[in-house]
Amino acid sequence: QVQLVESGGGLVQVGGSLRLSCAVSGRIFSINRMGWYRQAPGEKRELVATITSGSNTNYADSVKGRFTISRVNANALYLQMNSLKPEDTGVYYCNGIQSGSGTSYWGQGTQVTVSS
């Protein structure tokens, strides 16, 4: 089993910054790809950014140039968010994919609210 716990969300004004963290515990050696997803009220959960164990990254077009994903092995995952916009508001979830089985693990989410 793998446990993911997010932190770092909060209320920020337009143009501000936040840094989200995700602490990973359990069978962390089995985690390959990790990522951040978000879900706005009434919307589907969407990909924000992913990073592989080889540090290959992928970003949603809406956050390119503003957000940066990083990881410390499989122990911790981060998302640096700059130049925040109201449309960035939502619950942000940490995700880890187990190599081999492809099992997907999720954290409980952390709320990010960007006020205009």
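Structural remarks
- Residue list for region 43-68, filter: surrounded by 12 or more Cβ atoms within 10 Å (Cβ to Cβ), touching a strand residue (DSSP E or B) at 6+ places or on another chain (Cβ under 8 Å) and of a type in the set (S, T, N, Q): T50, T52, S53, T57, N58, T68
- Where a residue in region 40-60 is more than 20 Å from R19 (Cα to Cα) and at pLDDT below 95 and its partner, wherever it lies, is open to solvent by less than 70 Å² (accessible area, probe 1.4 Å) and not in a loop (DSSP other than H, G, I, E, B), with Cβ under 6 Å and at least six apart: S53/N32
- The criterion of being open to solvent by 40 Å² or more (accessible area, probe 1.4 Å) and in contact with a helix residue (DSSP H, G or I) (Cβ under 8 Å, 6 or more places away or on another chain) does not hold for N32.
- From the options G10, G16, residue that is in contact with a strand residue (DSSP E or B) (Cβ under 8 Å, 6 or more places away or on another chain), within 14 Å of E87 (Cα to Cα), among the small types (G, A, S) and open to solvent by less than 70 Å² (accessible area, probe 1.4 Å): G16
- Inside region 61-103, residues that are in a strand (DSSP E or B) and either touching a helix residue (DSSP H, G or I) at 6+ places or on another chain (Cβ under 9 Å) or modelled with pLDDT under 95 (or both) make up a count of 8.
- The listed residue being more than 13 Å from the chain's Cα centre (by Cα) and assigned to a strand (DSSP E or B), out of N32, N58: N32
The values are calculated or read from the model by the stated rules, or taken from the named source; none is laboratory data. Predicted model, so just to flag it, every value in this text is computed and none were measured. Cβ: placed from backbone, ideal geometry, glycine included. Neighbour counts: every protein chain shown. For accessibility, only protein heavy atoms count, side chains too; no ligands or nucleic acids. Shrake-Rupley method; radii C 1.70, N 1.55, O 1.52, S 1.80 Å.
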